[in-house]
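J.: Shown below is the structure under consideration.
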Amino acid sequence: MLASPVFFIALALLTGIILIIFLSTRYKVHPFFSLCLACFVTGGLGGLDAVSILSLMKEGFGKILSSLGFIIAIGTALGMVLQANGATTAMANAIIKWVGGKRSAFAMSLTGFFVGLPIFCDSGYVVLNGLNQSMIRRTGIATAIMSTTMATGLYAVHCFIPPHPGITAAVGTTQAAMGRVILLGLLAAVPAMLAGYYWAVWKGRKFPVITGKEDPGEPLPGANQSLPPVALSFVPVVVPVILIACKALIPVPEHPVLRLVLVTGEPAIALAVGLVLALCIPRKWDKGALGQLMHHGLEKAGGILVIIGAGGAFGMVINALKLQDHLASIQGVKALGIFFPFLVALILKTAQGSSTVAVLTAASIVLPFLPGLGLDTENGRVLAVLAMGAGSMAVSHVNDAYFWVITNFSGQELKQVLKVYSVATVWMALTGMLAVYILSLIML
């Protein structure tokens, strides 16, 4: 591989990024194909031959899937089961009851936050939409407030906390500690959620109550109206988080039995424990319904995994261009520090719409820069991942599928969603990044 001047490396990288954004936004090309094409364009302009590029792509694809495949697949299955057996609705009802009707908007924000831990934000919004519409009719609170507080609660955990695909891919790409990302991600996600909540309450009060679509669409196989006990509904979500936290915080014991117990804190095993607990929640499954549900979940996970794999391939090609060898000559980049990953993810998110694609692409771009940014440490990598998670929040607008889920199911006008929800994502990104910056002052 021939060394390339920094100008040509930067041009190659910029061309690849623009190609991804252009194909995704103008021609709606699937991210897998746009990322793969970007590998050849970036690698070719950077001085790599086609055989080397293909070899690097295979290596990057396999490497990222080996670390994330089980996590994404099991995490997706867990979310599908909790959605089908009514556990997510039971959790939502309990949170609203605990918080109280007078604080319905905050209750919906918390509901989105907790329900969003195991399931993706778009699925979570559809599942909770009927409940949200009932709350709007019952309380008379503006639709813009209720829909946005719920949406931002879901969005906060989607962008910050594994096993959601984008942030999980960034963990795999940078080799950050998964347990620390989850724990510190919670510290960043909570203020981001609150920022979205307060903006929605302040701005949304100027808009009227609108009853949107209450029908969440075609129910998942095995779904029914009976709800499980509240305590059992929370267990499959809480237990994996506790197991992963113990793995991250407790030193490895010498006793073999204790060491074996601590193995359950590995993210894939912890999620598998959560899946087993979710399946133990009492409910009557129709014949073949559970198998059909798992099949549906794995199909959904497969679509995510090919995108993540292509992101890993793109990252391996970028890494082969040896950007890190030229970083010392770029003083402006070094001065950005923890804000560099944030800005890269923010630009990608705003331009092409998908938080998942934004953060996994940003991780590939940022990885070679970590030593020069002073982030090539265990804590530095965790904070870089969280900074990218914050950047992947803004700006959610018309090129984001989640934006249209909110618009469609809430029944709001486009202009209204842009003024309330889209601006809320900006405040969430800035607040989340502020939390990450404060953590960096303590940890670096």
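J.: Confirm whether residue 271 is in contact with a Gly (Cβ under 9 Å, 6 or more places away or on another chain) and modelled with pLDDT under 75.
T.: no
J.: So, one more: Which numbered condition trips up residue 291, out of (1) at pLDDT 80 or above; (2) surrounded by 16 or more Cβ atoms within 10 Å (Cβ to Cβ); (3) out of contact with any Cys (no Cβ under 9 Å at 6 or more places or on another chain)?
T.: Going through (1) at pLDDT 80 or above; (2) surrounded by 16 or more Cβ atoms within 10 Å (Cβ to Cβ); (3) out of contact with any Cys (no Cβ under 9 Å at 6 or more places or on another chain) one by one, residue 291 breaks only (2).
J.: Of the conditions (1) surrounded by fewer than 17 Cβ atoms within 10 Å (Cβ to Cβ); (2) part of a helix (DSSP H, G or I), residue 60 fails just one. Which one is it?
T.: It is condition (1) that residue 60 fails.
Every residue, every condition in (1) over 23 Å from the mean Cα position of the chain (by Cα); (2) among the small types (Gly, Ala, Ser), yes or no:
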residue	(1), (2)
41	yes, no
57	yes, no
77	no, yes
82	no, no
87	no, yes
94	yes, yes
100	yes, yes
131	yes, no
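J.: So, of the residues in segment 317-343 that are modelled with pLDDT of 90 or more and in a helix (DSSP H, G or I), which turns out to be surrounded by the most Cβ atoms within 10 Å (Cβ to Cβ)?
T.: Out of the qualifying residues, it is 341.
J.: Related question: Go through 303, 312 for me and flag whichever is crowded, with 21+ Cβ neighbours inside 10 Å and under 23 Å from the mean Cα position of the chain (by Cα).
T.: Answer to the check: 312.
J.: Still on this structure: Hey, among 178, 135, which residue is within 30 Å of residue 371 (Cβ to Cβ) and modelled with pLDDT under 90?
T.: 178
J.: Okay, next question. Would you confirm, using the coordinates I've provided, whether residue 217 is touching a Leu at 6+ places or on another chain (Cβ under 9 Å), at pLDDT below 80 and within 30 Å of residue 411 (Cα to Cα)?
T.: no
J.: Which ones in segment 372-403 are in contact (Cβ under 8 Å) with a residue 24 or more places away in the chain, of a type in the set (D, E, K, R) and either touching a His at 6+ places or on another chain (Cβ under 9 Å) or not in a helix (DSSP H, G or I) (or both)?
T.: Residue satisfying the conditions is 400 alone.
J.: Going by the structure shown, is residue 107 assigned to a helix (DSSP H, G or I) and free of Cβ contacts under 8 Å to residues at least 40 places away in the same chain?
T.: Taking the combined requirement at face value, the residue satisfies it.
J.: Take segment 138-163 and flag every residue that is over 24 Å from residue 81 (Cα atoms) and modelled with pLDDT under 85.
T.: 138, 139, 140, listed by residue number.
J.: Still on this structure, I have one more. Can you find even one residue in segment 374-388 that is out of contact with any strand residue (DSSP E or B) (no Cβ under 9 Å at 6 or more places or on another chain) and modelled with pLDDT under 85?
T.: There is no residue in segment 374-388 that is out of contact with any strand residue (DSSP E or B) (no Cβ under 9 Å at 6 or more places or on another chain) and modelled with pLDDT under 85.
J.: Right, residue 369: over 29 Å from residue 39 (Cα atoms), at pLDDT below 90, assigned to a helix (DSSP H, G or I) and among the aromatic types (Phe, Trp, Tyr) or not?
T.: No: the conditions fail for residue 369.
J.: Looking at (1) assigned to a helix (DSSP H, G or I); (2) among the hydrophobic types (A, V, I, L, M, F, W, C); (3) touching a residue at least 40 places away in the same chain (Cβ under 8 Å); (4) crowded, with 17+ Cβ neighbours inside 10 Å, find the lone condition where residue 426 falls short.
T.: That leaves (3) as the condition not met.
J.: Please identify the pairs in which a residue from segment 39-51 that is surrounded by 24 or more Cβ atoms within 10 Å (Cβ to Cβ) has its Cβ atom under 6 Å from the Cβ atom of a residue that is not in a helix (DSSP H, G or I), counting only partners at least 6 apart or on another chain.
T.: 46/4; 46/321
Residue-by-condition table, conditions (1) closer than 24 Å to residue 71 by Cβ; (2) acidic (Asp, Glu); (3) touching a helix residue (DSSP H, G or I) at 6+ places or on another chain (Cβ under 9 Å); (4) surrounded by 17 or more Cβ atoms within 10 Å (Cβ to Cβ):
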residue: 237; (1), (2), (3), (4): yes, no, yes, yes
residue: 247; (1), (2), (3), (4): yes, no, yes, yes
residue: 250; (1), (2), (3), (4): yes, no, yes, no
residue: 254; (1), (2), (3), (4): no, yes, no, no
residue: 260; (1), (2), (3), (4): yes, no, no, no
residue: 269; (1), (2), (3), (4): yes, no, yes, yes
residue: 277; (1), (2), (3), (4): yes, no, yes, yes
residue: 282; (1), (2), (3), (4): no, no, yes, no
residue: 287; (1), (2), (3), (4): no, no, no, no
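J.: Still on this structure, please answer the following. Output the residue which, of all residues in segment 404-423 that are surrounded by 22 or more Cβ atoms within 10 Å (Cβ to Cβ), not small (Gly, Ala, Ser) and not in a loop (DSSP other than H, G, I, E, B), is modelled with the lowest pLDDT. Spell out how you get there, then give the answer.
T.: We begin by selecting, within segment 404-423, every residue surrounded by 22 or more Cβ atoms within 10 Å (Cβ to Cβ); these are 406, 409-410, 412, 416-417, 420-421.
From what is left, the residues that are not small (Gly, Ala, Ser) are 406, 409, 412, 416-417, 420-421.
After this cut, where a residue has to be not in a loop (DSSP other than H, G, I, E, B) as well, the list is 406, 409, 416-417, 420-421.
Details: 406: 88, 409: 82, 416: 89, 417: 89, 420: 94, 421: 95.
Result: 409.
The values are calculated or read from the model by the stated rules, or taken from the named source; none is laboratory data. Computed from a prediction, not measured in an experiment: that's the story for all the values here. We place every Cβ from the backbone using ideal geometry, glycine too, and count neighbours over all the protein chains shown.
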